[in-house]
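Here's the structure we're looking at; comments come further down.
Taken together, the values in this text are just the output of simple stated rules run on the coordinates, not laboratory data. This structure is a prediction, so every number in the text was calculated from the model and none was measured. We place every Cβ from the backbone using ideal geometry, glycine too, and count neighbours over all the protein chains shown.
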Amino acid sequence: MANDTRAGDMARGRRRAAVLGAALGGCALVAASTTPATAHSSDNRHGHGLTYAALGDSYTSAPLVPTQVDANCARSDRNYPSLVAADQRVATFKDVSCSGATTNEMWKAQGTNGPQLDAVGRDTDLVSVQIGGNDVGFGSIIGTCARLVAQDPAGNPCERFYNASGYDQLALTVAQTAPKIDRVLRAVRDRAPHARILLVGYPDLLPDDGSGCFPSVPFARQDFPYLRDTEKRLNLMLRLVAAWNRVEYVDTYGPTAGHDMCKAPADRWIEPLQPASPAAPAHPNAKGEAAMAQAVLNRLERHHGRN
């Protein structure tokens, strides 16, 4: 009987992965405007008495944004979960986000940070999750594209590199990450069956119009739209997996558009590879974290049952 159960679980997992992969393969880079509502344990819009757990990677933990409170995870007390918790005045707040985290760190310790899913329990009322960027390889992509720019500054050497095998390796990696996100969300739901769960997307990193800003951001001119589309594909995947799991998706790309790393220091919310404000390269600064917090708060303000 146990073997039959495991076989059934594996078959269901394969079916989920196949459906998600097919959806990603057939969708244009345009996100749907709605996500399904999820059940949550309280209608209290101000969060009093709620237990909130924040899971995620460096876009959540906010490395170098003052004030850093966890050196192991480069976590700031002004990251967006902290701002959300303060605004909602939650009773219990567990922020286990950690720089460098992948979906594996949901189940595995990362330095002094325990498995992130350990912060989620049956009494958890609200969970935010922002993960997937490191599974896709944000850091290595940036490094590769910056290295290749010298080959053809006006062309698209990075796009050619990732398509050298006859297919887009980054598009494939995004599709392969979908089942990992699916597994994370199912694990959160298993541990906190009554919680309101938010899957948070990634903010606008590069100009939405496809323009570039070499040498401030050292990518070739025609690689800017390719990398923009890759991030949009990642966010679309996250939205689709959220919808599949009946989890709420938080769009942070739209609210941060026009404040990407190519903008002037006073206007940008994402720092370039040589930051002018306290933040890690290619990461949100304090304004960016505040903008993501507002996107989460806007989502929380929506009555459940409405989109």
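Quick check: residue separation of K263 and A109 times 0.36 nm, minus the Cα distance between them. What number comes out in nm? The partial results should precede the final answer.
Numbers: separation 154, 0.36 × 154 = 55.44 nm, distance 3.67 nm.
Separation in residues times 0.36 nm, less the Cα-Cα distance, equals 51.8 nm.
Show which lysines lie in cross-link reach of K263 when reach means a straight Cα distance below 16 angstrom and same-chain residues fewer than eight apart are skipped.
In chain and number order, the partners are K287.
Could you tell me which chymotrypsin sites (Phe, Trp or Tyr not before Pro) in segment 146-241 are loop residues by DSSP with no more than 13 other beta carbons within 10 angstrom of their beta carbon?
Those that pass, being in a loop and sparsely packed, are Y167.
For segment 132-172, what does the alpha-carbon gyration tensor say about shape, rounded, prolate or oblate, given a ≥ b ≥ c as the root eigenvalues, a/c under 1.5 as rounded, and a/b over b/c as prolate?
Oblate, because a/c is 1.5 or more while a/b does not exceed b/c.
Quick one: check the C-alpha center-to-center distance for segment 234-262 versus segment 44-98, whole angstrom.
If you average the Cα positions of each part, the centres end up 19 Å apart.
Using the Karplus curve 6.51 cos²θ - 1.76 cosθ + 1.60 with θ = phi - 60°, work out ³J(HN,Hα) for each residue of segment 51-56 in order, rounded to whole Hz, and write x for Gly and Pro.
So the J values, rounded to whole Hz, are 9, 10, 10, 10, 10, x.
For segment 88-139, which trypsin sites (Lys or Arg not before Pro) are in a loop by DSSP, counting at most 16 other Cβ atoms within 10 Å?
Details: sites: R89, K94, K108, R122; in loops: R89, K108, R122.
Those that pass, being in a loop and sparsely packed, are R89, K108, R122.
Please give every one of the lysines within straight-line cross-link reach of K180, meaning a C-alpha to C-alpha distance under 23 Å, and leave out same-chain neighbours fewer than 8 residues apart.
The reachable lysines, counting only those whose Cα sits under 23 Å from K180, are K94, K108, K232.
Mind running the shape call on segment 158-307? Use the C-alpha gyration tensor, a ≥ b ≥ c as the square roots of the eigenvalues: rounded below 1.5 for a/c, prolate if a/b tops b/c, oblate otherwise.
oblate
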